[in-house]
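Colleague: Once you've had a glance at the structure underneath, I'll fire off some questions.
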Amino acid sequence: MVSPIKSYKNTFLILFFALALICFVNISLGSVYIPLKQIFLSIINGDVEKDSWRSIVLSYRIPKAITAIIVGSGLSISGLLMQTLFRNPLAGPFVLGISSGASLGVAILILGASFFGATLSSYAFTNFGLAIAASLGAFLVLSAVMLAAIKVRNTMSILIIGLMFGSLTASVISILAYFSSASQLQQYMFWSFGSLGNLSWKEITVLLTTFLIGILLVVFIIKPLNSLLLGENYAKSMGVNVKKTRNLILIATSLLTGVITAFSGPIAFIGLAVPHLTKLLFNTSNHKILLPAVAISGAIIMLICDSIAQLPTSEFTLPINAITSLFGAPIIIWLLVRKRKIYY
Amino acid sequence: MKDQAKHIIKIDNLSIGYSSKKKTITIASNLNIQLQTGNMVCLLGKNGIGKSTLLRTLTKVQPTLKGEIFINNANLNSLSNNELAKTLSLVLTERLPDSSLTVFELVALGRQPFTNWIGYLTSEDLQIIYTAFEKTNTKHLMNSKCYELSDGQLQRVLIARALAQNTPIIVLDEPTAHLDIHHTINTFSLLKNLASEFNKTIIISTHETNLALQLADELWLMSPSKFISGKTDELIEKNALDLLFDSKLISFNKTLKQFTISNS
């Protein structure tokens, strides 16, 4: 007796192939032209013509590609988790207030420095300083949302509480922005554009470890996630501990989204759009298939966006946040118009 | 003790309702039920009388206010979620959230209390799922998406899911609320069949009073004054049904075994 649940083996093979291809394309593109053969040689530690090429590939392009993969799949998985938990297509990884918290942390660091009359050393404004401020802010707002989440029984209320915290922090940021100088504003804006580059291998190790812990948690909730598709009452009647599952989902999402936002800024759209895109492509709600599919699709789309953002052969790099929405939104709209409805 | 062993469900002096820190709202009290396996029970009562509350209490969705519930001789409170899921399955009246689950995937979810951590379906699980399809006559729908089904088909598929859970007790909350008379009768006779042939205990809350009177082995009647349970024929004999709707517009006709509009 065979199970008629499709395994999508071929689709996954194609996706993996696409991921490998786009990964290589992404590494080969950049402001400096490096011949393909030389890139390959740098990766396998062979004889490279110029030492600068090797260091560009090894300490800039490859870390950036890895970051893109982690950011893309982490945010997409978080988005899927939130959409299933809240049974709401508008839910994304940031509904728990993580992005607004991180923004608040960074806004206080950059915009608030003069506001509070403090003089911070220039160290505070480095990558790592910003990451710490973002983490602290995200952690604070997330804790507030979580505390509220423990109090409320209704899952939908958590969604609204998350959104309210978002508005709250946005208004605090507006007030800070109102009193700050143009250069400070510009610096804050640059952070909020998001960025995948400039991560050292050490930072990537932190990112990767947290990512893997988050993924491990998610693997263990695949089964209850599927029963949640029938609603909480059915899930409970099938022996699922709904409250425990809900908490695990919230923890996994916070880990994934929190660490990603801390290192790469509030990258919008991916977490909301990729789950939709994947559901349209795979036409399934089964999380055993959706989760890996969303993870790979997220990585592919992030790599494509990053490749576009660095404007091949030019010295400019466009903000990654602009690219994700600029190219993602029309695709989603086109798919929806063509297919009419997404089922969750 | 010997007497107790025969009862799949035994309810002693139960009070149901809602309690919060401030106050307790009792919806019904003094409920006593002794039910044997292989029976189809219909729970009848007016809107808002507490049928859903009783079912929610019986299925451990909400706590009891007073009294005790025994399922298969085990106290309901001592059963874990998973143990309960192996004894009692549900068909709810609420709409399913939108999803692109296939019918097979939906029915297969019924195996969750028995499958491993990732939900792998063994050949035994598959066997039970296919049997559930056969019993409900829904095998041809297996590869359809749930959103493609009509209300009547969906109801049968949801019953198939409960059957896949392979529990001795199935509880259904207004399973025919959205169905026309053809599908209503169809659903009721399917359930009756499951009770008599496969020795399932089926508990249905319903407003199909006349149909329930014809098909149910036992009735649980909820009226404002009291709760009565017993065999359908005995209850008709005892004129217990007159209590159900304390209205001058409706009366129970003993010879027809039906409720009719009073011609007064």
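Colleague: Looking at segment B:232-254, is at least one residue surrounded by 14 or more Cβ atoms within 10 Å (Cβ to Cβ) and within 25 Å of B:Thr167 (Cβ to Cβ)?
Modeller: yes
Colleague: Oh, and also: Can you name the number of the only condition in (1) closer than 27 Å to B:Phe245 by Cα; (2) touching a strand residue (DSSP E or B) at 6+ places or on another chain (Cβ under 9 Å) that B:Ser19 fails?
Modeller: Against the list (1) closer than 27 Å to B:Phe245 by Cα; (2) touching a strand residue (DSSP E or B) at 6+ places or on another chain (Cβ under 9 Å), B:Ser19 comes up short only on (1).
Colleague: Another one. Can you work out which of the residues in segment A:281-320 that are surrounded by 21 or more Cβ atoms within 10 Å (Cβ to Cβ) and either free of Cβ contacts under 8 Å to residues at least 12 places away in the same chain or touching a Pro at 6+ places or on another chain (Cβ under 8 Å) (or both) is farthest from B:Trp117 (Cα to Cα)?
Modeller: A:Ala309
Colleague: Restricting the search to segment A:1-41, which residues are away from chain B (no Cβ under 14 Å) and not in a helix (DSSP H, G or I)?
Modeller: A:Leu29, A:Gly30, A:Ser31, A:Val32, A:Tyr33, A:Ile34, A:Pro35
Colleague: Six or more apart or on different chains, Cβ under 6 Å: which pairs go from a residue in segment B:180-200 that's closer than 12 Å to B:Lys135 by Cβ to one that's of a type in the set (Lys, Arg) and surrounded by 17 or more Cβ atoms within 10 Å (Cβ to Cβ)? Could you list them?
Modeller: Listed pairs, sorted by first residue: B:Leu194/B:Lys200.
Colleague: Could I ask something else about it? Give, as residue ranges, the helices (runs of 4 or more DSSP H) completely inside segment A:220-268 that count at least 1 residues that are touching a residue at least 12 places away in the same chain (Cβ under 8 Å) and facing chain B (nearest Cβ under 7 Å).
Modeller: A:222-228
Colleague: Looking only at segment A:145-167, count how many residues are small (Gly, Ala, Ser) and more than 21 Å from the chain's Cα centre (by Cα).
Modeller: Final tally of qualifying residues: 3.
Colleague: Between residues in segment B:9-33 that are at positive phi and residues that are surrounded by 13 or more Cβ atoms within 10 Å (Cβ to Cβ), which pairs lie under 7 Å by C-beta distance while being six or more apart or on different chains?
Modeller: B:Asn13/B:Asn32; B:Asn13/B:Lys66; B:Asn13/B:Gly67; B:Gly17/B:Thr26; B:Gly17/B:Ile27; B:Gly17/B:Thr53; B:Gly17/B:Leu65; B:Asn30/B:Phe227
Colleague: Condition first: part of a helix (DSSP H, G or I), farther than 21 Å from B:Thr93 by Cβ and within 12 Å of chain A (Cβ to nearest Cβ). Now tell me which residues in segment B:131-147 satisfy that.
Modeller: Of everything in segment B:131-147, those that are part of a helix (DSSP H, G or I), farther than 21 Å from B:Thr93 by Cβ and within 12 Å of chain A (Cβ to nearest Cβ) turn out to be B:Thr131, B:Phe133, B:Lys139.
Colleague: Also: Just need a number here: residues in segment B:94-125 that are touching a helix residue (DSSP H, G or I) at 6+ places or on another chain (Cβ under 8 Å), assigned to a loop (DSSP other than H, G, I, E, B) and either within 7 Å of another protein chain (Cβ to nearest Cβ) or buried (at least 17 other Cβ atoms within 10 Å of the Cβ) (or both).
Modeller: 13
Colleague: Is it the case that some residue within segment A:98-107 is surrounded by fewer than 24 Cβ atoms within 10 Å (Cβ to Cβ) and closer than 17 Å to A:Ala149 by Cβ?
Modeller: no
Colleague: Name the pairs: first residue in segment B:163-178 and at positive phi, second residue in a strand (DSSP E or B), Cβ to Cβ under 7 Å, at least 6 apart or on different chains?
Modeller: B:Glu174/B:Ser205
Colleague: Quick one: which of A:Ala293, A:Ala299 is under 14 Å from A:Val274 (Cα atoms), in contact with a Phe, Trp or Tyr (Cβ under 8 Å, 6 or more places away or on another chain) and among the hydrophobic types (A, V, I, L, M, F, W, C)?
Modeller: Only one candidate passes the filter, namely A:Ala293.
Colleague: With the requirement that a residue be surrounded by fewer than 24 Cβ atoms within 10 Å (Cβ to Cβ), among the β-branched types (Val, Ile, Thr) and more than 19 Å from B:Ile71 (Cα to Cα), what does segment B:158-186 give you?
Modeller: B:Ile181, B:Thr184, B:Ile185
Colleague: Suppose we filter A:Val259, A:Val240 for residues that are surrounded by 22 or more Cβ atoms within 10 Å (Cβ to Cβ) and under 17 Å from the mean Cα position of the chain (by Cα); which single one remains?
Modeller: A:Val259
Colleague: What do you reckon, is A:Leu199 of a type in the set (A, V, I, L, M), more than 14 Å from chain B (Cβ to nearest Cβ) and in contact (Cβ under 8 Å) with a residue 40 or more places away in the chain?
Modeller: Yes, satisfied.
Values quoted throughout were computed directly from the atomic coordinates according to the rules given, and no laboratory measurement underlies them. The structure presented is a predicted model; accordingly, all values stated were derived computationally and were not measured. FYI the Cβ positions are ideal-geometry reconstructions off the backbone, even for glycines, and counts take in every protein chain you see.
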